[in-house]
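Asks: Below is one structure. I have some questions about it.
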Amino acid sequence: MAWIDQLVGRSPIAPMQKHMQVAVLCAREVVPLLEAMAVGDNDSIRDCRAKIDRLEHEADQIKHEIRSHTPKRFMMALDRRTILEILDYQDSIADVAQDIAELADQRSMHLPDALKEPVLSLANRVVVACEQGQRIIDELDELVETGFGDAEVARVDEMISELGRLETETDALLDKAARKLFSIEEELGVATIFWHQVIRQIATLADLSERVGNRLRLLMAN
């Protein structure tokens, strides 16, 4: 490989975008997982877990490729540290979705009737936030191509603000779901602990997406 190729390296932008796409697919699968839990369908719960496991593995493979092939120095507006920080947040989305599916399958968790509406409402809004995060990462190539031009930066900044608004909505939905959970704590007993863990993990998916956007915003401000 010529010295200039070593310096420039392979652009990590397209793989980063692909990685985020797969991570968001993991988050999306949490909704059908919860729907299976709502009707007590253990076979479907296992199927959803298997699908999330496959997607998480795909995300891991892409992550390892990015880490292996992004040189310490390359001629881009993004430095390696920034790329890897954003990548870690993206990867955590896939990991947390997998954690939710594992717990649901291992404990054969069936969503109580009282929790169906608040938990599914939370999950659906979380997916919207994750998809907004994906749209932001899809702008990475445009940001670099325009040299972080003012118009493109302003457009992406607005998208990040919208992601922040969506994440705030998920916080409110998390609070609603948690209050409903604790209202039936006596009925659920020790299972309350595990349901609280699941609900918080669902909300964490939106928080991680917001971190992706906020890290990119910090980069644009420099």
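Asks: Determine ³J(HN,Hα), in whole Hz, for all residues of region 90-95 in sequence, where each value follows from phi through the Karplus function 6.51 cos²θ - 1.76 cosθ + 1.60 and θ = phi - 60°; x replaces Gly and Pro.
Replies: 4, 5, 5, 4, 5, 5
Asks: Now, a different point. How large is ³J(HN,Hα) for each residue in region 199-205, as worked out from phi by the Karplus curve 6.51 cos²θ - 1.76 cosθ + 1.60 (θ = phi - 60°), to whole Hz, x for Gly and Pro?
Replies: These are the phi-based 3J(HN,Hα) values: 4, 5, 5, 4, 5, 4, 4 Hz.
Asks: With an 8 Å cut-off on Cα pairs and a minimum separation of 6 or more residues, tell me the relative contact order of the chain in percent. Provide the component values of the computation, followed by the final result.
Replies: Details: 269 pairs, mean separation 61.7, N = 222.
Over the chain, the number comes to 28 percent.
Asks: Right, next: Output ³J(HN,Hα) for region 147-155: one whole-Hz value per residue in order, computed from phi by the Karplus curve 6.51 cos²θ - 1.76 cosθ + 1.60 with θ = phi - 60°, and x for Gly and Pro.
Replies: x, 6, x, 4, 5, 5, 4, 5, 5
Since every read-out is calculated from the coordinates, none of them should be taken as a lab result. Predicted model only: the values in this text are computed from it and were never measured.
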